Structures are given as C-alpha cells and as structure tokens.
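Structure first, commentary second.
The values are calculated or read from the model by the stated rules, or taken from the named source; none is laboratory data. Source: prediction; values computed, not measured. Here the Cβ is made from the backbone with ideal geometry for all residues, glycine too, and neighbour counts use every protein chain on show.
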C-alpha cells in the first residue's frame with residue numbers, strides 16, 4: 001500500500017483501539033444502554049437524510065443493526081460498566097475472529113485448516129491466562145459478557161458478508177437506525193423511564209456528550225468509511241492485519257489514560273491472543289506461493 005494509505009489504516013486502528021477508553025469515560029456518567037442508544041441514534045441521524053439506502057433487503061439491515069447495536073455494543077458497554085477493564089475488553093472482544101470462523105464452518109461448510117486450529121489454541125491459551133487471574137477489575141462475568149458481545153459481532157460479520165458488495169458505510173448508517181428502538185426499550189426497562197433518562201441527560205457534562213459524538217462520528221463514519229475505502233482498493237490480506245493493533249492501542253491507551261496496570265500476566269495473555277490472531281490472518285499470505293517471473297534471454 002502507498003504510505004499515505006498505511007497512515008489512514010493506522011488512524012482507523014488508533015481510533016478503534018482508543019475508543020475503549022472513550023467508552024469508559026462515557027460510562028462514568030451514562031448507564032450502558034442509554035449510552036448505546038445515543039451512540040446508534042447519532043450513527044443513523046442525520047446521515048440517513050444524505051445517504052441513500054443500500055440495495056439490501058430490510059431483513060438484513062434489521063439483523064445487522066440488532067446484532068451490532070444490542071448484541072455487541074450494549075453487552076460490551078454493560079460489561080465495561082463495572083465488570084472488566086477497557087484494556088482487557090479490547091483484547092477479549094477480538095475473539096470475534098474465531099467465532100466468525102466457527103460460524104462459517106457450520107453455515108457454509110468451510111473446511112477447517114491446521115493453521116486455524118493452531119491460532120485458536122493460542123487464543124484459548126490467552127483466555128486461560130485471563131481466567132486464572134480474575135479480580136475486581138477483570139471478573140468472570142465481565143469476560144463472559146464480552147465473549148457474548150464478540151459472538152454477536154461474529155454473527156454481524158456473517159450478515160455483512162451475505163449482502164455482497166454494497167456501500168458498507170451506507171449499510172452501517174441505515175442499519176444503526178434499527179438498533180435504536182430495542183436499545184431505548186432496554187434503557188427504559190432497566191435504567192429508568194424517559195423522565196429519568198431526561199434527568200440523566202440534563203446532568204451529563206459536555207465532555208461525555210463529546211464521547212457519544214466521537215463514537216458515532218469517529219468510529220462509525222470515519223472508521224468504517226475509511227476502512228472499507230481501503231478494502232475496496234487493496235486486498236484484504238494487505239488491510240486486515242492492521243486490525244491486530246486494536247488491542248495494542250486499547251491496552252496502551254487504558255494504561256496511559258486510566259492508569260490500568262499492565263501486569264506480566266496481562267502481557268502474556270495479550271501475546272497469546274495476538275499470536276493466535278496473527279496466525280489466522282497472516283498464515284495464508286505468508287505461505288502462498290510467489291509468482292515466478294519469466295526470464296527473457298536476449
């Protein structure tokens with residue numbers, strides 16, 4: 001890739017990784033389901049007024065919005081409220097790669113390769129390290145909730161794959177609208193009636209409102225827009241390995257901004273999970289035969 005495109009990819013990964021700290025700041029004043037409601041409301045409006053609906057059936061738009069909004073982010077926000085640290089959340093959520101592979105095996109009967117098994121075993125080893133060091137900052141419940149969020153993300157990936165080649169930014173914007181009603185209902189049921197929500201919002205500081213806007217504009221519009229723009233111009237093997245840096249940025253940002261301690265066991269768990277992801281993503285690229293250049297004799 002050209003150097004400028006590499007910088008764009010790094011910018012997206014930086015935004016996605018550091019967003020776990022931004023989420024933590026938002027959760028300091030807003031309950032998780034209300035925060036998720038606001039995030040997806042601002043991801044849909046006013047952008048739907050300027051972006052045409054993609055050529056996708058309504059059922060897939062609804063499914064993607066529900067899986068991404070309610071399944072992934074609502075559960076992630078719930079876990080990060082008090083059950084898992086931002087750095088660990090950014091690492092555990094990457095298990096979506098392995099869930100995606102497993103679901104593809106079941107649904108599309110794709111064959112399981114040896115390198116995929118190796119990568120999965122490494123990642124499971126990393127989860128084992130986390131499970132052996134549970135504490136108040138990283139609880140078993142928090143890990144399980146984030147794993148459920150990762151599974152929902154994997155299901156959303158399969159829905160996105162099934163829609164074919166469409167404008168993915170438009171797809172994300174329009175599908176975000178369908179996440180808002182169930183998220184609002186959950187917030188009403190579990191966090192308080194609309195009058196209570198209004199009172200919470202009136203007391204919310206401008207800094208927290210900025211975190212909500214950043215999640216919608218930075219992560220959805222900039223992140224997905226640039227990422228899919230890069231995928232449309234380069235092979236997936238060139239672009240997707242950059243996503244391995246998400247937990248690196250996530251854990252580093254959490255340590256710098258929130259003072260989250262990076263004990264040796266956390267680094268060991270991160271090394272195992274990232275090694276497993278690297279094997280899954282990079283092995284096909286590294287082992288594919290290089291084309292033989294013809295030698296022209298004069």
- Test: residue 34 is under 13 Å from the mean Cα position of the chain (by Cα), modelled with pLDDT of 90 or more, part of a helix (DSSP H, G or I) and over 23 Å from residue 227 (Cα atoms): no
- Message: Taking the criterion of being in contact (Cβ under 8 Å) with a residue 60 or more places away in the chain, in contact with a strand residue (DSSP E or B) (Cβ under 9 Å, 6 or more places away or on another chain) and assigned to a helix (DSSP H, G or I), would at least one residue in segment 115-137 satisfy it?
- Response: yes
- Query: Quick one: would you say residue 150 is farther than 17 Å from residue 71 by Cβ and out of contact with any strand residue (DSSP E or B) (no Cβ under 9 Å at 6 or more places or on another chain)?
  - Reply: no
- With the checklist (1) farther than 20 Å from residue 257 by Cβ; (2) at pLDDT 90 or above in hand, flag the one item residue 26 doesn't pass. (1)
- Item | All positions within segment 198-224 that are outside any helix (DSSP H, G or I) and surrounded by fewer than 16 Cβ atoms within 10 Å (Cβ to Cβ) | 203, 205
- Over segment 225-246, the set of residues part of a helix (DSSP H, G or I) and modelled with pLDDT of 70 or more is 225, 226, 227, 228, 229, 230, 242, 243, 244, 245, 246
- Which residues, counting only those in segment 1-31, are without any contact (Cβ under 8 Å) to a residue 24 or more places away in the chain and not in a helix (DSSP H, G or I)? 2
- Reported set for segment 175-196 where residues are closer than 15 Å to residue 41 by Cα and crowded, with 16+ Cβ neighbours inside 10 Å is 175, 176, 177, 178, 179, 180, 182, 183, 184, 186, 187
- Message: What's the total number of residues in segment 1-31 that are over 29 Å from residue 186 (Cβ atoms) and over 17 Å from the mean Cα position of the chain (by Cα)?
- Response: 8
- What is the one condition in (1) in contact with a strand residue (DSSP E or B) (Cβ under 6 Å, 6 or more places away or on another chain); (2) without any contact (Cβ under 8 Å) to a residue 60 or more places away in the chain that residue 109 does not satisfy? (1)
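Touching a helix residue (DSSP H, G or I) at 6+ places or on another chain (Cβ under 7 Å), crowded, with 20+ Cβ neighbours inside 10 Å and touching a residue at least 12 places away in the same chain (Cβ under 8 Å): which single residue out of 163, 172 fits that description?
172
For (1) out of contact with any helix residue (DSSP H, G or I) (no Cβ under 9 Å at 6 or more places or on another chain); (2) surrounded by 22 or more Cβ atoms within 10 Å (Cβ to Cβ); (3) within 24 Å of residue 179 (Cβ to Cβ), each residue gets a yes or a no:
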{"site": "30", "(1), (2), (3)": "no, yes, yes"}
{"site": "63", "(1), (2), (3)": "no, no, yes"}
{"site": "91", "(1), (2), (3)": "no, yes, no"}
{"site": "100", "(1), (2), (3)": "no, no, yes"}
